[in-house]
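Student: Structure below; questions to follow.
Read-outs throughout are calculated quantities, based only on the coordinates presented, and are distinct from any laboratory measurement. Note that the structure is a prediction, hence the values are computed from the model and not measured. As a convention, Cβ positions derive from the backbone with ideal geometry for all residues, glycine included, and neighbour counts pool all protein chains shown.
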Amino acid sequence: MRDVAIYGTGMLQVSEHWDLSIIDLAGRAALEALNDAGLERVDALLVTNMLAACHSTGQLNLGARVADWVGLHGVEAYKVEAACGSGGAGFRSAWLAVASGAIDLALVVGVEKMTETPGPEITAGLATAADADFEVPMGPSFVALNALIMRRYQHEYGWPHEAFAGFSINAHANGARNPLARLQDPITAEDYRKARMVSDPINLLDASPVGDGAAAIVLGPAERVFPGGRRPRVLVAGSAAATDSIAIHDRNAPLRLTAAEKSAAAAYAMAGAGPGDIDVFELHDAFSIMSALSLEACGFAEPGQGPRLGDDGSILPGGRIPVASFGGLKARGHPVGATGVYQLAEVTRQLWGEAGACQIDGARVGLAQNIGGSGATIVTHVLRQA
Amino acid sequence: MEVSRHWRLKQQRYALVGEVCPSCQHKIFPPRDICPDCGEEARTTYQFSGRGEVFSFTTVRNAPTGFEESAPYTVALIKLDEGPMLTAQLTDLGEKPVEIGMPVEMVTRRLRSDGDRGMLVYGYKFRPALKAA
Ligand SMILES: [Zn+2]
């Protein structure tokens, strides 16, 4: 396997893009990343998306459609899908292709178009990440599945609901400095306490907003990116994925993200790094409970102690382990199949020193973790400045 | 739509039929080909009692397509007395507040309906246990 570097990134604001189709969204992010990399051609295109099959988009075979749209005529192209973990999975697939030497340059484009589909259809679409025989027919929304985990977690570890406020407040504060964020208004502890209940104990400020969005990254062999160029070289230092039972009820440890523990351990080992080396962490804060579980799984807190890091300032910019530096899923927004690519593009910009008002000073090693379903497919990456 | 799928699952949906692993005696629900506990082949059917307790629960207000008319409703993780856990709606709650650890028992109810001309799907729900097991 050869070392792989990130050549370019592109991100659109997560928003209600009434004027842009799923193809327009993907195409713009792809062209921005190609332009950023100074390239016109790549050898493979991977599109990551979750919901195009579920609703009115009416377009599958997205690889060929997007390749044609951005002028990559004839290139190898197809979709990678792992529910909300599609983006991380697609990036890992691109990394595998380039690292193996089989592909020279790869472009991964995450895209999701969510705002032109009626709410109940989106709710039903998101639920397809769960077990279609033994979870979905019982009527839980995807929020409800996370609520089942959160309530039991609070019950077993004794955390009151307010203990999770720090995750939401930090994400909104960081999102307010990111012009590409879906939500750019800071919130207070009071706002969190008074937020409308969605699926108890998850309220509106525990949950991330969906939206239309697209993000793209170009990957290529590291040896052709020279340190001392216009930006530091950023390498994919660790990459791993793991799975757990798709249904919460089938898991041996329903309050732990076992797939995150496994993929984080493997990604750390590959990178020769550990939790103490991480300067910035883009975690999958689709719901505040997932921030706590993800921090625990990646070695920043003992099981059951994740909320402490939201409360004691550790996760703030300048803290021990800054998370959601561009707003996270909570404020940047969660265009589900694109989210993992946003996370990796954000970590890359942190390590390039191009994070603007969201910059974490001196960030040299970053972690990105993308979760598909309520914990079923979890992809973890370590990026390093080199 | 999906008629054969619901027919395929009727033993589980109506009667809570799972499996017992011939190697390690682990009770399995929903049934599957390989025991999740020991990895041996599992083919022996096992009739669950339908009794268990609430492991966790929540209320669904924004329901997925097909469930809108029943909203709000309570979804729970139920820990069956025999060991495995499943996901189900709670029903017949009356004024009784739901609590973690509450004993429940299985009943058969309508799960969803697909509009006026659509199929009605029946299956298990759980209600507070009427008498101590
Ligand atoms: Zn067994």
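Student: Within the range A:22-91, report the GluC sites (Glu not before Pro) that DSSP leaves as loop and that have at most 13 other Cβ atoms within 10 Å. The partial results should precede the final answer.
Tutor: Details: sites: A:Glu32, A:Glu40, A:Glu76, A:Glu81; in loops: A:Glu40, A:Glu81.
Hits after loop and neighbour filter: A:Glu40.
Student: Where in chain B is the longest stretch that carries no GluC sites (Glu not before Pro) classed as loop by DSSP and with at most 14 other Cβ atoms within 10 Å?
Tutor: Values: sites that count: B:Glu2, B:Glu40, B:Glu95, B:Glu99.
With GluC sites (Glu not before Pro) excluded where exposed in loops, chain B gives B:41-94 as its longest stretch.
Student: Which whole number gives the average count of other chain Cβ atoms within 10 Å of the Cβ atoms across peptide B:84-90? Present the calculation step by step, with values, prior to reporting the outcome.
Tutor: Numbers: counts 2, 6, 6, 16, 7, 4, 0.
Shielding by partners across B:84-90 averages 6.
Student: For peptide A:117-129, how many partner chain Cβ atoms fall within 10 Å of a residue's Cβ, on average? Show your work: numbers first, answer last.
Tutor: Working: counts 0, 1, 5, 8, 2, 3, 7, 5, 2, 1, 3, 1, 0.
Per residue, the number of nearby Cβ atoms from other chains is 3 on average.
Student: For the pair A:Asp104 and A:Gln59, how long in nm is the line joining their label points, each one 7 Å along Cα→Cβ?
Tutor: Here the answer is 2.9 nm between the modelled labels.
Student: In whole angstrom, how far apart do the alpha carbon centroids of the range B:20-34 and the range A:87-102 sit?
Tutor: 37
Student: Among B:Leu86, A:Leu257, B:Leu93, A:Leu12, rank each residue by its count of other Cβ atoms within 10 Å, from fewest to most, as a rough exposure measure. Can you show the working numbers first?
Tutor: On the way: B:Leu86 26, A:Leu257 29, B:Leu93 13, A:Leu12 23.
Lowest count first: B:Leu93, A:Leu12, B:Leu86, A:Leu257.
Student: For a quick check of your reading of the filter: which trypsin sites (Lys or Arg not before Pro) in the range A:145-204 sit in a DSSP loop and have no more than 14 other Cβ atoms within 10 Å? If you can, show how the numbers build up before the last one.
Tutor: Numbers: sites: A:Arg151, A:Arg152, A:Arg177, A:Arg182, A:Arg193, A:Lys194, A:Arg196; in loops: A:Arg177, A:Arg182, A:Arg196.
Within the range A:145-204, the qualifying trypsin sites (Lys or Arg not before Pro) (loop, at most 14 other Cβ atoms within 10 Å) are A:Arg196.
Student: Just how large is the dipole of the protein assembly as shown about the Cα centre, in debye to the nearest 20, putting +1 at every Lys and Arg Cβ and -1 at every Asp and Glu Cβ? Each step should come with its number before you reach the end.
Tutor: Values: 46 positive and 58 negative charges, 74 e Å.
That gives the protein assembly as shown a dipole magnitude of about 360 debye.
Student: Between A:Asp312 and A:Leu39, what FRET efficiency comes out of the Förster formula 1/(1 + (r/R0)^6) with R0 = 60 Å and r the beta carbon distance, rounded to 0.05? Walk me through the numbers on the way to the answer.
Tutor: On the way: r = 44 Å, r/R0 = 0.73.
Between A:Leu39 and A:Asp312 the formula returns 0.85.
Student: May I pose another question? Going toward the positive end of the dipole of chain A, with +1 on Lys and Arg Cβ and -1 on Asp and Glu Cβ, which of A:Gln154, A:His73, A:Pro201 do you reach last?
Tutor: Toward the positive end, the furthest listed residue is A:His73.
Student: State which stretch of chain B is the longest one without any exposed trypsin sites (Lys or Arg not before Pro), exposure meaning a DSSP loop state and at most 14 other Cβ atoms within 10 Å.
Tutor: Details: sites that count: B:Arg32, B:Arg43, B:Arg117, B:Lys131.
With a cap of 14 other Cβ atoms within 10 Å, the longest stretch comes to B:44-116.
Student: Another question, if that's okay. In peptide A:245-251, what is the residue-averaged number of other protein chain Cβ atoms found within 10 Å of each Cβ? Could you put the intermediate results ahead of the total?
Tutor: Values: counts 1, 0, 5, 5, 13, 9, 2.
Per residue, the number of nearby Cβ atoms from other chains is 5 on average.
Student: Net charge near A:Leu219: determine it from the other residues with C-beta under 12 Å of the C-beta of A:Leu219, scoring Lys and Arg +1 and Asp and Glu -1.
Tutor: 0
Student: Using the Cβ atoms and a cut-off under 13 Å, what net charge is assigned to the surroundings of B:Val20, where Lys and Arg are +1 and Asp and Glu are -1? Walk me through the intermediate numbers first.
Tutor: Values: positive: B:Lys27, B:Arg32, B:Arg43; negative: B:Glu19, B:Asp37, B:Glu40, B:Glu41, B:Glu82.
That sum, taken over residues with Cβ under 13 Å, equals -2.
Student: So what's the gap between the Cα centers of the range A:364-386 and the range A:306-363, to the nearest angstrom?
Tutor: When both Cα centres are located, 12 Å separates them.
Student: With the crude spin-label approximation of a point 7 Å out along Cα→Cβ, what separation in nm comes out for A:Asp277 versus B:Arg43?
Tutor: 4.9
Student: Right, something else. If the rule is a partner Cβ under 4.7 Å, which cysteines in chain B fail it?
Tutor: Isolated Cys, chain B: none found.
Student: Report the one residue of B:Ser49, B:Gly101, B:Thr65 whose Cα lies farthest in the direction of the positive end of the charge dipole of the range B:26-112 (charges on C-beta: Lys and Arg +1, Asp and Glu -1; origin at the Cα centre).
Tutor: Working it through, the farthest residue towards the positive pole turns out to be B:Thr65.
Student: With springs only between Cα atoms under 10 Å apart, run a GNM on chain A and tell me which of A:Val210, A:Val347, A:Val70 wobbles the most.
Tutor: Residue with maximal mean-square fluctuation among A:Val210, A:Val347, A:Val70: A:Val70.
Student: Loop-only check: which trypsin sites (Lys or Arg not before Pro) in the range A:30-100 are DSSP coil with at most 13 other Cβ within 10 angstrom? Intermediate results must be reported in sequence, preceding the final value.
Tutor: On the way: sites: A:Arg41, A:Arg65, A:Lys79, A:Arg92; in loops: A:Arg41.
Those that pass, being in a loop and sparsely packed, are A:Arg41.
Student: Right, next: Please work out the C-alpha center-to-center distance from the range A:147-174 to the range B:39-104 and express it in whole Å.
Tutor: 23
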